[in-house]
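Here's the structure, in structure tokens; my notes come after.
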Amino acid sequence: MKQISLIKYLFNCFWLIIPLLLISFFLVKYLPEAFQVNIFWSNIPLPVKNFENIFRIIVMALPVFFPFFIKSKIQRTGLAVYFTGVILYLFSYLALIYFPESNWGKSLIGFTAPATTPVLWLTGIGLIMNKPFFNIQYRKWIYIILVIAFCVFHFIHTNIIYNRYY
């Protein structure tokens, strides 16, 4: 009986993050040289690295504790924001892969798009998350602030790389 009740924990909001991890995992090797791991993480100030990674872990781990279901209007809005963010995130990668020398690829906005578009899909996840599996209070705005903090540090990191190359 306990085994059956544990199954409900498998249907959590982390499943929404998996497609984005797959996009990053499979496409990063095709991005311009500046995005390759050995260059992208080289000589980044320690506070930027640490805060970016701390906030990354928090915003990626918290959805595990929330069941995935869509019942309310705000959750449906969250799903629309999520899908919009996923599409823009994918296009930000594809634009840099196929048009790295374009005005877009060499612009600050284009170059940092993979670092800024997560604010959309992560905010969408935050709007979808409702009541955690455990009896604790959840406020959507807290998760969204954590998302913004992650994206700010991710942008700062990517901006440092951009300034080295352009």
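Scattering from the C-alpha atoms of the stretch 2-75 alone, worked out with Debye: what is log10 I(q)/I(0) at q = 0.12 1/Å?
Here the Debye-derived log intensity ratios amount to -0.54.
Which distance in nm do the two modelled labels at Leu21 and Arg139 give, with both placed 7 Å along the Cα-to-Cβ direction?
2.9 nm
Using a 10 angstrom cutoff on alpha carbons, build the Gaussian network for the chain and name the most mobile of Val28, Val147, Val119.
So, out of Val28, Val147, Val119, the one fluctuating most is Val28.
Which value, in debye to the nearest 20, gives the size of the charge dipole of the chain about its Cα centre, when Lys and Arg are +1 and Asp and Glu are -1 at the Cβ? Each step should come with its number before you reach the end.
On the way: 13 positive and 3 negative charges, 142 e Å.
It works out to roughly 680 debye.
Just report the Cα centroid separation between the stretch 8-34 and the stretch 99-165, whole Å.
About 14 Å separates the Cα centre of the stretch 8-34 from the one of the stretch 99-165.
Please work out how much length the chain gains when fully extended from Tyr166 to Ile74, using 0.36 nm per residue of separation minus the C-alpha to C-alpha distance, in nm with one decimal. Kindly include the intermediate steps, with their values, before the conclusion.
Numbers: separation 92, 0.36 × 92 = 33.12 nm, distance 4.06 nm.
Taking Tyr166 through Ile74 to full extension adds about 29.1 nm, to one decimal.
I need the Kirkwood Rh of the chain: take the reciprocal of the average 1/r across all distinct C-alpha pairs and report it in angstrom.
About 16.9 Å, per the Kirkwood formula over Cα pairs.
Could you tell me which trypsin sites (Lys or Arg not before Pro) in the stretch 60-106 are loop residues by DSSP with no more than 13 other beta carbons within 10 angstrom of their beta carbon? Could the numbers behind the result be given before it?
Details: sites: Lys71, Lys73, Arg76, Lys106; in loops: Lys71.
Sites meeting the loop and neighbour criteria: Lys71.
Pairs of lysine in the chain with Cα under 28 Å and at least 8 positions apart or on different chains: total?
15
Readers should treat all values here as calculations from the given coordinates under stated rules, not as data from a laboratory. Everything numeric here is computed off the predicted structure, so don't read it as measured data. A quick note on method: Cβ atoms are made from the backbone with ideal geometry, for glycine too, and the neighbour counts reach across all protein chains shown.
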